[in-house]
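One structure is given here, and the rest of the page talks about it.
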Amino acid sequence: PDHGGMRSLPWLAVVAGVGLTVWLSVRRRASRLARRPPRLAVIVVTSPAPGHPSTDLMELVLSSFLKVPGLVGPRVPITIICDGVKRAERDRLKRGMASAELEGRYREYVRRLRDMVAARCHAWCGQAKVVELPGRMGFGYAVREGLRHHCQESQYVMVVQHDRPFVRPFDLKGLLDAMDGEPESLKYVCLPTHSTYEHARNMLHRNVRLPGARPAGRIRVAPLAFWYDSTHVVPRKHYLAQVFGFGQEPSRVRRGHFPEETLGTALMADVARRGMQAHAGTWVYVDDLAPAGTPPSGPDAAHEARRPSRSRRQANGGDVRPEHAFTPIVRHADARKWRTEAHPMARSKSTSESSGGDAAGDKPRTSAREPRPGADSEALAQ
């Protein structure tokens, strides 16, 4: 008889038992992760724009999420909040007023967004949902609706405007870890733009010299005396309690307004009056490509700080500070100018789609581009 085969049976049983134990452990861990609330949720706010019903700009913004490691995946839900419309005789987009013609195009735009997400035409569609508000609330209150009803379980929220695409990656996990490590200090972290780079210089105009950048975990941050509406990360509970008044503090944002118009202005005035002791925990992410802005020094510092940003850029050939290389993480595509000849992003995107508008590119393309699964925009490569 073959006793060798009989002796191998216990070993086979041990191997099978170990394999079953590992499999059950992996299943239990996956089940726990599925029940765990998401660490980060994303709110994207959109509203009527001249380029509607085209979804190109929104696709550009959402597809740019793929540039950021960890931002696209089943554990990061995306809620697209479509603000309502206030009917008017002419378009006044800053106030949410739209003519009947633009309102009709905006409704079609929202329908196309819903169809795109349902068809899962892009990698981010599986984690996205579209929410249409019944009436016009403005950017601030649209964010509030997303926080209250669609991101109730997330620890942090990233707020994105519909014309602010990412242009390069950054350390998202390092940012969240830093906020975990300093919850009393890091209450708002804005991603760098040209506006944040100019912020230290603008504060010097108000006789406030902001401190330089400092380490926070494995990232670096620099103080802001302002609340920018551009892409930022905030603890969800802080947003609700301290910004929108769902605690003991009154709401610091009015319906129909942008937070930076009310809250941002108030924070800046407070720091200008009381100095850095009034700093409210607002910071900007900085790195080697987007260093913190340095205010001028020396005998001409006050005069240089008062020089308008536009004239400095024109004198410097369009750059903010020629002596410093600066590459933002987020860029403003400006929905009000999207798909016009003057907009470089629109030019680069529309060269292969010239049949959608007139020769000068002044008219928005009203026909929908057939979405292609996994097709990411190449406009940001410019």
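Over region 164-242, accessible surface divided per residue gives 36 Å², non-protein components excluded, 1.4 Å probe.
Using the beta-carbon distance between ALA325 and ARG274 and R0 = 35 Å, what value does 1/(1 + (r/R0)^6) give for FRET efficiency, to the nearest 0.05? So, using R0 = 35 Å, E works out to roughly 0.50. The solvent-accessible area of THR21, taken with every protein chain present and a 1.4 Å probe, is close to 90 Å². For TRP283, the amide hydrogen comes within under 5 Å of the amide hydrogens of TYR188, VAL189, CYS190, LEU224, counting only partners 5 or more places away or on other chains and with H modelled in the peptide plane. The H on the amide N of VAL157, modeled in the peptide plane, is under 5 Å from the matching H of ALA41, VAL234, ARG236, each at least 5 residues off or on a different chain. Counting only DSSP beta bridges whose two residues both lie in region 34-99, roughly 10 percent are antiparallel.
Within the accessible area of region 43-112, what % is carbon and sulfur when the probe is 1.4 Å and the other protein chains stay in place? The C+S portion of the solvent-accessible surface of region 43-112 is 51 percent. Residue-wise HN-Hα couplings along region 209-216, as the Karplus relation 6.51 cos²θ - 1.76 cosθ + 1.60 with θ = phi - 60° gives them from phi, are 9, 6, x, x, 5, 9, x, 9 Hz; Gly and Pro carry x.
Computed over protein heavy atoms with a 1.4 Å probe, the carbon and sulfur contribution to the accessible area of region 156-222 reaches 49%.
Computed from backbone phi, the HN-Hα couplings of region 121-134 come to 6, 10, 4, 7, 5, x, 10, 10, 9, 10, 10, 9, 7, x Hz, rounded to whole numbers (Karplus: 6.51 cos²θ - 1.76 cosθ + 1.60, θ = phi - 60°; Gly and Pro given as x).
Hey, can you rank 253-259, 275-281 by average C-beta count inside 10 Å, highest first?
Descending mean neighbour count gives 253-259, 275-281.
Under 5 Å from the amide H of GLU132 lie the amide H atoms of CYS82, each residue being 5 or more positions distant or on a separate chain, with H modelled from the backbone and absent for Pro and chain starts.
Measure out, as a whole number of angstrom, how far apart the alpha-carbon centroids of region 248-297 and region 190-229 sit. So the two Cα centres are separated by 9 Å.
Around the Cα centre of region 135-255, unit charges on the Cβ atoms of Lys, Arg, Asp and Glu (plus for the first two, minus for the last two) sum to a dipole of about 320 debye. Looking at region 37-118, the accessible area is 37 square angstrom per residue; that uses a 1.4 Å probe and ignores ligands, DNA and RNA.
The values are calculated or read from the model by the stated rules, or taken from the named source; none is laboratory data. Here the structure is a predicted model, which means the values were calculated and not measured. A quick note on method: Cβ atoms are made from the backbone with ideal geometry, for glycine too, and the neighbour counts reach across all protein chains shown. With ligands, DNA and RNA removed, areas are computed over all heavy atoms of the protein, side chains included. Shrake-Rupley method; radii C 1.70, N 1.55, O 1.52, S 1.80 Å.
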